[in-house]
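See structure below.
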Amino acid sequence: MDVTNATVFITGANRGLGLAFAREARRRGAARVYAGMRKTSGFDEPGLIPVRIDVTDKASIAAAAELAADTTLLVNNAGIAALIDGPLAADVEAQSARMFETNYYGVVRVTQAFEPILSNKPQAAIINVLSDIVWLPRPILAPYAASKAAAWNYTNQLRFYLHERRIQVLGLHVGFVDTDLTNGIDVPKASPDDVVRQTYDALAAGKNEIMADKGTMLLKSTLAAEAPGYITPPAGLS
Ligand SMILES: NC(=O)c1ccc[n+]([C@@H]2O[C@H](COP(=O)([O-])OP(=O)(O)OC[C@H]3O[C@@H](n4cnc5c(N)ncnc54)[C@H](OP(=O)(O)O)[C@@H]3O)[C@@H](O)[C@H]2O)c1
């Protein structure tokens, strides 16, 4: 599906990757771009329509879906991350619950609310923002990784299920991206604009998945190996 002439709804679009999705949709000639965000006050960007949505709050999701009932492309982008001491840290359960609430159940709730809207359209699509972490062992991000792996699985179930309803489902996997989420982490990072351009190109090409940087491409290419990347991460990725 081409984003040109689409009506796009993006969660977490006030900053980071979400804002890049919104701006690029506009640049590519989307008919309308709804920028979903928890706080709309002070957001003023020409061509973007701010809509209040908190993906942990069902009432706000229902209100957003009602307001944006012409949506043809949903981007499940909103997400949170936290560093912990590892998979056995004292706060692993609390942090996992927090991550799942936004990164997994948030995707489930928003998709449930928007699916009836998308199913009514001749052409529709969903982009789920995932991560290389669904395959990469990074113990300090264990709760985040589990929530993204769950969202990846849900994306695969959805794709299969929604095929009959002609809704394209695209999973975006990428490593570190230069946004607030990775502030203070001193590693090479992809640019949000580049990730978004590749994602919309993949959507237009009818793809199911996009690996938006070289490291993630390499990681995925190891999955059928004797020692896949989730057991022995490729050099430079651990
Ligand atoms: N940056 C990376 O390295 C990287 C890599 C792979 C995947 N990702 C994924 O990319 C997505 C965007 O992250 P980012 O890097 O752009 O991070 P970011 O700059 O921290 O932005 C996160 C966005 O999500 C929103 N958000 C968080 N909780 C929300 C909730 N309950 N309801 C609605 N919106 C909520 C935030 O809103 P507020 O402004 O209100 O907090 C913000 O707009 C996430 O799903 C993240 O997991 C990021």
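The values are calculated or read from the model by the stated rules, or taken from the named source; none is laboratory data. Just so we're clear, the structure is a prediction, and the values are computed from it rather than from any experiment. Positions of Cβ are backbone-derived with ideal geometry, glycine not excepted, and every protein chain shown enters the neighbour counts. To get the accessible areas, we keep the full protein, side chains included, count just its heavy atoms, and leave off ligands, DNA and RNA. Shrake-Rupley method; radii C 1.70, N 1.55, O 1.52, S 1.80 Å.
The residues on offer are T232, T216, and the sole one that is among the hydroxyl-bearing types (S, T, Y), open to solvent by 40 Å² or more (accessible area, probe 1.4 Å) and more than 17 Å from N76 (Cα to Cα) is T232.
State yes or no: is A212 free of Cβ contacts under 8 Å to residues at least 60 places away in the same chain, within 14 Å of I127 (Cα to Cα), within 15 Å of the ligand (Cβ to nearest atom) and touching a strand residue (DSSP E or B) at 6+ places or on another chain (Cβ under 8 Å)?
Judged against the criteria, A212 is a match.
I'm checking my understanding of the structure. Among residues of the stretch 13-34 that are out of contact with any strand residue (DSSP E or B) (no Cβ under 7 Å at 6 or more places or on another chain) and not in a loop (DSSP other than H, G, I, E, B), which one is nearest to K189 (Cα to Cα)? Among those that are out of contact with any strand residue (DSSP E or B) (no Cβ under 7 Å at 6 or more places or on another chain) and not in a loop (DSSP other than H, G, I, E, B), it is G16.
Selection over the stretch 4-34 of residues that are open to solvent by 50 Å² or more (accessible area, probe 1.4 Å), more than 10 Å from the ligand (Cβ to nearest atom) and more than 14 Å from L203 (Cβ to Cβ) gives a count of 5.
In the stretch 156-186, of all residues being away from the ligand (no atom under 12 Å from the Cβ) and touching a helix residue (DSSP H, G or I) at 6+ places or on another chain (Cβ under 8 Å), the one that is nearest to D132 (Cα to Cα) corresponds to L170. Residues that are more than 18 Å from the chain's Cα centre (by Cα), of a type in the set (D, E, K, R) and closer than 30 Å to G86 by Cα within the stretch 121-174 comprise just one, R138.
Within the stretch 164-181, the set of residues being buried (at least 16 other Cβ atoms within 10 Å of the Cβ) and either among the aromatic types (F, W, Y) or free of Cβ contacts under 8 Å to residues at least 12 places away in the same chain (or both) comprises just one member, F176. Looking across the stretch 142-163, the residues that are over 17 Å from D213 (Cβ atoms) and in contact (Cβ under 8 Å) with a residue 24 or more places away in the chain come down to A142, P143, Y144, A146, S147, A150, A151, Y154, T155, L158, R159, L162.
For the stretch 156-172, filtering for residues that are hydrophobic (A, V, I, L, M, F, W, C) and under 16 Å from V8 (Cα atoms) leaves 3.
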